[in-house]
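This report concerns only the one structure given below.
None of the figures in this text is laboratory data; all of them are computed from the coordinates on show. No experiment lies behind these values; they were computed from the predicted model shown. Here Cβ is always computed from backbone atoms with ideal geometry, including for glycine, and neighbour counts include all displayed protein chains.
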Amino acid sequence: MGNTKRNVIISLIAVVLIISGIVVAIVTNMNTFSFTITTTTPTTTPTNTTAASTTTETIQMLTDPDPACYWIEIDKSINMNYDDAVDACLKNNGVIGSPKDENALNAFMDYVRPERGYRRRIWTSLQIDPETNVISPEGAYTKWSKGQPYLGSPFKIYTGVMLMVHVDKTTDENGMANWFVTSIAYGVVCQTHLNDNKRPTDVDYLDGPC
């Protein structure tokens, strides 16, 4: 009887050892699998990052604008609000623009400078938030006339920007000023791209390679 009990105990111990060995093997395999996943996942990241970077560079190259050319559309009735200005450029396959530097600004002003009278106003594409003094588009060239721009809450609707062109080219009242978009003007700065096959050929280009 004693031998029988001893044999049973030995058998149970053997079973426990076998089960323990199986559990250890399973845990070891799971750890190895987990480690494999952990170590292989980062290797895909550089490839994806490189692909995204390449795509971004390609898009940037495709969207870089062609050289721009500028002209002035005139409304001799001096009755052009901002919406009218946008339409005037569109009718000649252009868009409303603004001088990119001082040379362009002077060329535009000389073109529309009145021979007599007080001043002429010319719409540009620039926009301003009078409450924050933020200009759109960011980084655009500006040259404000004396006392401009009008800033603060009382002028919150003065969001459009015009060129102020005086008879006297030496006065510091020449330059840019902000006005509400329903104000009327004498004309508008328009622009097109050099490689646009629809760009007008019968306008007086004042700046750019056209």
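When 80, 164 are arranged by Cβ crowding within 10 Å, least crowded first, meaning fewest neighbours, the order is 164, 80. Rg/Rh for region 116-192 (Cα atoms only, Rh after Kirkwood) is 0.96.
Once the chain from residue 156 to residue 129 is taken as fully extended at 0.36 nm per residue, the excess over their C-alpha distance is 9.0 nm. Tell me, in nm to one decimal, what length is gained between residue 204 and residue 100 on full extension, where the rule is 0.36 nm per residue of separation less the Cα-Cα distance? Between residue 204 and residue 100, full extension yields an extra 35.7 nm.
Taking a ≥ b ≥ c as the square roots of the eigenvalues of the Cα gyration tensor of region 66-119, is the shape rounded (a/c under 1.5), prolate (a/b larger than b/c) or oblate? Note, shape of region 66-119 comes out oblate. Under the simplified labelling scheme, the residue 197-residue 93 pair shows an inter-label distance of 1.0 nm, with each label point 7 Å from Cα along Cα→Cβ. Approximating the spin labels as points 7 Å out from Cα along Cα→Cβ, the residue 74-to-residue 107 distance works out to 1.8 nm. Sparse packing (at most 13 other Cβ atoms within 10 Å of the Cβ) combined with a DSSP loop state is found for the following GluC sites (Glu not before Pro) in region 105-210: 115, 131, 138.
Taking 0.36 nm per residue of sequence separation and removing the Cα-Cα distance, the residue 169/residue 144 pair yields an extension gain of 7.6 nm.
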